[in-house]
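The values are calculated or read from the model by the stated rules, or taken from the named source; none is laboratory data. In this text the structure is predicted, and so the values were computed from the model without any measurement. Don't worry about glycine lacking a Cβ; one is built from the backbone with ideal geometry, like all the others, and counts go over all protein chains shown. Note: areas computed on protein heavy atoms with side chains; ligands, DNA, RNA excluded. Shrake-Rupley method; radii C 1.70, N 1.55, O 1.52, S 1.80 Å.
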Amino acid sequence: MLAYLKRLAATGAAYTASSVIAKLIAVALLPLYTRHLTRADYGAAEVLLATVVALSIMVRLGIIEALLRFYFQYDDQRERDDVVRSSFAFLLLTSTAGALIAAAFAGPLSEFVLDRRDTELMLIAIAGLWLFTNYELLMAMFRLDERARAYFTASLANVLLTVLFTVWLVVLRDEGARGLLVGNFAGTAVILVGLLYVHRRRLALVPSAALLRPMLRFGLPTMPAELSLYALNLIDRIMLVRFVGLAEAGLYSLAVKFSQVVTVVVRAFNLAWPPLAYSIRDDEEARRTYAFIVTYFLLLASVLVLGLSLEARWVARALAAPQFFESYKAVPLVSTGVTLYALYMVLVVVMGRVGRTEFNFPVTATAAGVNVALNLALVPPYGLVGAGLALVGSYLVMLALMYLVTRRFFAVPYQWGRLARIVVLAGATFAAGELLLPTSGVAGFLLRAALVPLYGLLLYLSGFFNPEELAYLRRLRERVRSRTQESPQAAQDLEALQRRTELMEDMHET
């Protein structure tokens, strides 16, 4: 089990390294952007960026998801390349047609999304739709071939170009929401040209009908499901725009940005998880592995969510202009929602394993309906906090429904006792911090930070770690010992570490 966990961590880290850099740069630039953008401008740009992703899901028709599944069904490289060629040709046609249709209705679309007519902004977003959609498929080809270095290089280049264009347009030229949108898509346009050249021998303009039929049978049911799933990240923004205003949507979008530390981990998990999960051929081994990885992913995510939630006020003060401070209120809810989304994706892969993707849509559609109802009830009185509550509530409904479905076709023995300890102790630790500790000042920051290692200690004392995992930690300690024998100081440090570990093990046994 630990070998699978290490493999997942290694591939996830490779694929998301550039994303980590991107998030760090984006967060570092927030103090700059929030002083050159109004809350309404920031809200308009972020709502349109979210709309681009939603429209991209529609024009893809599930072909990228089918590519990731069907590519590994063939052992011959020529057959695999035929799958890639057909996927690219199909997506090129659908993305072009989708962008042209959306452009024809740019004005009404902008009124629906922004509650005001801004055809220019919507046309920029539609151009970004075409760029983003094709970029996603070409980047997925690096993942298929496990070319992590190429993936990292292309992603990082996109990030750096995006930063340069955005700073120039937003800060130097004072282009507002338009500059933020153009800056985001300009870098993607440049990298897309490079990707077309790199992958040119595996691209085609005409898809194979024989290949497309089974791929679309698999992929099409995932499209409405994925769209209704992503709608959970769009409905709240639209509700905020209509009931509270673009400024409140800007605050909520900034809370989403502050939650990037969790989003990065979730993105790494989502990129690495499907290839790993599908590569395990034996069903019993797959069941045990899925349960184990869910436990440790939730553990990692809970540590990140807890730390970020406890320090949300300090994050908001440090990274945004004063008028954006209230965004901290939604950070715990948004970061929790991101974690629930990742857990749902585990169940999606389970359904993909048994080929029953047709159940995805009823589940996500139900959750989207719950999300609309919760937003209607909670956003008008509570603003961005209501949107966050609606997000968490709808994700919980979706997760519960998908679990009931997957249990019928591929039952996984999840470690419920360990999962309960993770959630209950994290909730109790956060509640204690909010009720008992200061909400400002250096003392408040440090005391809240100390609760995170305390949470780990509480898990240990509760018997969370099993004997195999404790044995692995002991073996790791022995390997460190063998490498530090030549260093007296390192040996002393190791002895101190060993004494502390033995004391914790004694406490654990007690």
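A few points about this structure:
- The local environment of F88, defined by Cβ-Cβ distances under 15 Å, has a net charge of +2 under the rule Lys, Arg +1 and Asp, Glu -1.
- D_trans [Stokes-Einstein, Kirkwood Rh over alpha-carbon pairs] for region 252-348, 10 °C, 1.306 mPa s, µm² s⁻¹: 110
- Placing a label point 7 Å from the Cα of D283 along the Cα-to-Cβ direction, the residues of region 331-365 with a backbone N closer than 11 Å are 354.
- Mean projection area, nm², convex hull over Cα of the chain: 25.7
- A 1.4 Å probe run over region 133-245, with the rest of the protein chains in place, finds 44 Å² accessible per residue.
- Within region 165-296, the ratio Rg/Rh, alpha carbon atoms throughout and Rh by Kirkwood, equals 1.05.
- In the distance distribution for region 336-475, Cα-Cα pairs more than 24 Å apart total 52 percent.
- Phi-based couplings in Hz for region 297-306 (Karplus 6.51, -1.76, 1.60; Gly and Pro marked x): 5, 4, 4, 4, 4, 5, 5, 5, 5, 4
- Under 14 Å from the R217 label point (7 Å along Cα→beta-carbon), backbone N, region 345-361: 355-358
- Whole-Hz couplings from phi, Karplus 6.51/-1.76/1.60, listed for region 378-386; x for Gly and Pro: 9, 5, x, x, 10, x, 5, 5, x
- Taking Cβ atoms as reference points and 12 Å as the exclusive limit, the residues near S335 contribute a net charge of 0, counting Lys and Arg as +1 and Asp and Glu as -1.
- Alpha-carbon centroids, region 372-449 and region 308-369: separation in whole Å: 9
- Largest accessible area first, the listed residues V303, V412 line up as V303, V412 when surface is computed with a 1.4 Å probe on the assembled protein chains.
- Between F409 and T94, the contour length at 0.36 nm per residue exceeds the Cα-Cα span by 110.1 nm.
- Amide H contacts of A204: A89, each under 5 Å away and 5 or more positions distant or on a separate chain (H built 1.01 Å from N in the peptide plane; Pro and chain starts excluded).
- Using a probe of 1.4 angstrom and keeping all protein chains present, the accessible surface of region 341-425 works out to 40 square angstrom per residue.
- Solvent accessible area, Å² - V348, 1.4 Å probe, full protein context: 30
- Computed over Cα pairs, the Kirkwood radius of region 121-205 leads via Stokes-Einstein (0.692 mPa s, 37 °C) to a diffusion coefficient of 243 µm² per second.
- Derived from the Cα gyration tensor, the three semi-axes of the equivalent ellipsoid of region 197-267 are 36, 18, 13 Å, largest first.
- Ranking D174, D118, D82 from most to least accessible surface, computed with a 1.4 Å probe over the protein chains only, gives D174, D82, D118.
- Within the accessible surface of the chain, defined with a 1.4 Å probe on protein heavy atoms only, the carbon and sulfur portion equals 66 percent.
- Rounded to 0.05, the FRET efficiency of the A321 and A428 pair, given R0 = 25 Å and the Cβ-Cβ distance, is 0.15.
- Short-range pairs are left out: with C-alpha atoms under 8 Å and at least six residues apart, the relative contact order of the chain is 19 percent.
- Sequence-ordered 3J(HN,Hα) estimates for region 242-259 from the Karplus curve with 6.51, -1.76 and 1.60 and θ = phi - 60° stand at 6, 9, 10, x, 4, 4, 5, 5, x, 5, 5, 5, 5, 4, 4, 5, 5, 7 Hz, glycine and proline given as x.
- Given a 1.4 Å probe and the protein chains as shown, W130 ends up with an accessible area of around 70 Å².
- FRET efficiency for the pair A450 and L300, taken as 1/(1 + (r/R0)^6) with r the Cβ-Cβ distance and R0 = 25 Å, rounds to 0.80.
- Note on V442 and D174: their simple-model spin labels are 3.8 nm apart, each label 7 Å out from Cα toward Cβ.
- Distance between the C-alpha centres of region 257-289 and region 154-217: 25 Å, rounded to the whole angstrom.
- In the full protein context, region 32-87 carries 37 Å² of accessible surface per residue, based on a 1.4 Å probe and ignoring ligands, DNA and RNA.
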